1. Got at least one residue in region 20-31 being outside any helix (DSSP H, G or I), open to solvent by 90 Å² or more (accessible area, probe 1.4 Å) and modelled with pLDDT of 95 or more?
2. Taking the conditions exactly as written (among the charged types (D, E, K, R), surrounded by fewer than 11 Cβ atoms within 10 Å (Cβ to Cβ), out of contact with any Leu (no Cβ under 9 Å at 6 or more places or on another chain) and assigned to a helix (DSSP H, G or I)), does ARG13 satisfy them or not?
3. Looking at region 34-52, can you tell me whether even one residue there is assigned to a loop (DSSP other than H, G, I, E, B), of a type in the set (Phe, Trp, Tyr) and open to solvent by 50 Å² or more (accessible area, probe 1.4 Å)?
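The values are calculated or read from the model by the stated rules, or taken from the named source; none is laboratory data. Here the structure is a predicted model, which means the values were calculated and not measured. Quick reminder, even Gly has a Cβ in these numbers, built from the backbone with ideal geometry, and neighbours come from all protein chains shown. All accessible areas refer to the heavy atoms of the entire protein, side chains included, with ligands and DNA or RNA removed. Shrake-Rupley method; radii C 1.70, N 1.55, O 1.52, S 1.80 Å.
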Amino acid sequence: MDPQSALQLQIERYRAMTGEQRLAIALDLHEFACDVARAGIRRQFPDSGEDEVERELRRRIELSR
């Protein structure tokens, strides 16, 4: 399957989902992205506690707006 066909199939499957299902996927992806960012913050600041990691994550999210 070529990339364009795969994309079309993915779009068709998303369209067949309910709004609630699509929202659940979006929220899962958001949480996954936050987990990846937290891991990066922990690597960058290994001595940081969980509160500091969350504060830095929120700061980065605000900067992206």
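1. Scanning region 20-31 turns up no residue that is outside any helix (DSSP H, G or I), open to solvent by 90 Å² or more (accessible area, probe 1.4 Å) and modelled with pLDDT of 95 or more.
2. The answer is yes for ARG13.
3. Yes, region 34-52 contains at least one residue that is assigned to a loop (DSSP other than H, G, I, E, B), of a type in the set (Phe, Trp, Tyr) and open to solvent by 50 Å² or more (accessible area, probe 1.4 Å).
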